[in-house]
1. Which residues, counting only those in region B:65-80, are more than 14 Å from B:Phe44 (Cα to Cα) and buried (at least 17 other Cβ atoms within 10 Å of the Cβ)?
2. Might you check whether a residue that is more than 9 Å from every other protein chain (Cβ to nearest Cβ) and either assigned to a loop (DSSP other than H, G, I, E, B) or out of contact with any helix residue (DSSP H, G or I) (no Cβ under 8 Å at 6 or more places or on another chain) (or both) occurs anywhere in region B:85-96?
3. Considering every residue within region A:233-246, establish whether at least one is farther than 13 Å from A:Ser40 by Cβ and of a type in the set (Gly, Ala, Ser).
4. Do we find that A:Trp17 is loosely packed, with under 14 Cβ neighbours inside 10 Å, assigned to a helix (DSSP H, G or I) and in contact (Cβ under 8 Å) with a residue 12 or more places away in the chain in this structure?
5. With the checklist (1) of a type outside the set (Lys, Arg); (2) closer than 26 Å to A:Ala178 by Cβ; (3) modelled with pLDDT of 90 or more in hand, flag the one item A:Leu105 doesn't pass.
6. Would you please name the residue that is surrounded by the fewest Cβ atoms within 10 Å (Cβ to Cβ), looking only at residues in region B:134-170 that are of a type in the set (Val, Ile, Thr) and under 23 Å from B:Phe189 (Cβ atoms)?
7. Name the single residue that is farthest from A:Thr212 (Cα to Cα) among those in region A:68-80 being surrounded by 14 or more Cβ atoms within 10 Å (Cβ to Cβ) and modelled with pLDDT of 70 or more.
8. State which residue is surrounded by the most Cβ atoms within 10 Å (Cβ to Cβ) when the search covers only region A:245-282 and only residues that are in a loop (DSSP other than H, G, I, E, B) and not charged (D, E, K, R).
Amino acid sequence: MWQPVGLTLLLLGLFPWLNPPVYYISLLFTVFMYVTLATSWNLIGGYTGYLSFGHVAFFGLGAYTTAFLFNLLHLSPLLTILSSIPAGGAAALVAIIIGVPCLRLRGPYFAVITLCFAFVVELAVKNLSILGGADGLWLKSMDLPIEIARSILFEVMMVLMLIVVAASFLVGRSRFGAGLRAIKEDEEVAQTMAIDSARLKIGAFVLSALFTGAAGGIYAYYLAYIHPDIVFDINISILVVLMALFGGGGSWLGPVIGAVLLTLINEGLSTFVRAELARIIYGSLFIIVTIYMPNGIIDFFRKRR
Amino acid sequence: MNKVLIVQSLFGGIMMGAAYALLGIGFSLTWGVMKVIHISHATFGLLGAYLAYTLLQRFQIDPILSLALTVPLLFAVACLIYRFLIRPITRAREVIVSSMILTFGIAIILQNLILIVWSPDPRILNASYSGQVLVLGPLYFQYPRLIGFAMSVIGVLIITLFLKRTYTGKAVRAAWQSPDAAQMYGVNFGRISMLTFGIAVASAGAGGVGLAFLYSFDPNSHNLWLIYLFLVVILGGVGNVMGTFWAGQIIGLITGLAMAFLPYQWVNLITFGLLMIILLFRPQGLFRSEV
């Protein structure tokens, strides 16, 4: 079973060096990014059942940390790869600060407060002139030919995706993951079973923010220009939630499938029909999935078999 | 700082608060009674505003009179949506989560239908009395704003009276307090839910017209409206109609004050920050729970 997966990954890794049209590199990069985002979101949203609508804040913070450090320190191209570490670190730090009070809230209240948090961070960044304010920030391009720079970033995003999916897989099998699932089932009962729910929740939230921030950092390099409207776009938050739940939030595979499918569907629709119509079809998809596949498409097909 | 300007701004805030209260009451009821978080609520409000706009431009029907057409229409549409989309998910274990995603899908569809029909340009309601002003000493009030304010207050009163005085309204309150007990006393929960949803969406249409009297609107307006809905409804206590109204007034006064002193982009920052603080310290709302 693992041989075809390994072969596919190898081919994907070689893909940008075969000189394909830029569009396909860009499409695959987007797929990798959304798989990363949906899988990291799933740690807190899917496993633990705490719906965060604020993950775009971590994504944007990662992007801005990278851009800021890059412009300040003038890193060399190879160190670029390491830059996703401080990007993720900054996001994780903010996640600790915001997570401790917010994770006491449950259900819709948690969803709303994280949504608000995303708006507050976006507005704050827009109004801070040191971060470029509403003008955005430019990243100086690397001293490499653009094709090579693009391919490097492609590989970096792919590696990050593999790390995140592996982490999600391992968490799902560990005691930590079992604790998170217990919290999702019934938090009170979990606590009476001596599960330290506060610590587990923070752990999942911070890990999730770390990966999301790292992805944001790489994305900033890939775009070479960031603006609050792009990296703090609330639709990214919502899309990530939908991808994870579309595939099925309970397992590590769900968000992967959901992200791949929805990114491709979205891309295909916007190529063939006008944008408004594409979004109407997209919206109908959410309705159909919630009514007929409440546990995600993975679960739906598993039952069919 | 000019005192007149501050007072003027505070009155503006109160009017805004009343419109958000009318928009928010239905949201609060659907959340409280049905445990459904209706993300497309504000989008239906926006649809109400656009319908009023078209009826005014095409047929010269006054926005207040056109409510007689749009409110029943929205009620009927809402009943259909309830029957075919909401009811299938109300038995799911995680109604709140699935309802958020499902109604988010409805919001996307509606917003893009609005885009196709009305284009992305911002619109304003230009009634025959627009531009007329009531002058009271140093203060002046635009007629459309006063009419929108009166409409919002009357709308809130009608819903309150319905809930307190009529048998059906009492059944809605009973279903909010305890669905199981209400059913044992002969309340048909499915029918009450459909009715609640219908009234909620219909009143959202009226609330949207109320907001359209105050501000220009475009196909994206419902996103900001939705944040204000959450703010007003959570501050007022979920399911609490009068609480929602007073919360609207409080938010309106705070926003009005902020608008008098701060540039516009900081006003929203204050609103969102405020919502976060309320959620952290008093997620059950400011007021005693009572429908």
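1. Once the filter is applied, which keeps residues that are more than 14 Å from B:Phe44 (Cα to Cα) and buried (at least 17 other Cβ atoms within 10 Å of the Cβ), region B:65-80 yields only B:Ser66.
2. yes
3. Residues of region A:233-246 that are farther than 13 Å from A:Ser40 by Cβ, as a first pass: A:233-235, A:238-239, A:242, A:245-246.
When the remaining residues are screened for being of a type in the set (Gly, Ala, Ser), the result is none.
Looking for residues that are farther than 13 Å from A:Ser40 by Cβ and of a type in the set (Gly, Ala, Ser), one finds none in region A:233-246, hence no.
4. yes
5. With (1) of a type outside the set (Lys, Arg); (2) closer than 26 Å to A:Ala178 by Cβ; (3) modelled with pLDDT of 90 or more applied to A:Leu105, the lone miss is (3).
6. Ranking the qualifying residues of region B:134-170, first place goes to B:Thr166.
7. Taking the candidates together, the pick is A:Asn71.
8. The qualifying residue surrounded by the most Cβ atoms within 10 Å (Cβ to Cβ) is A:Gly249.
The values are calculated or read from the model by the stated rules, or taken from the named source; none is laboratory data. Here the structure is a predicted model, which means the values were calculated and not measured. In this analysis, Cβ positions are derived from the backbone assuming ideal geometry, glycine residues included, and neighbour counts consider all displayed protein chains.
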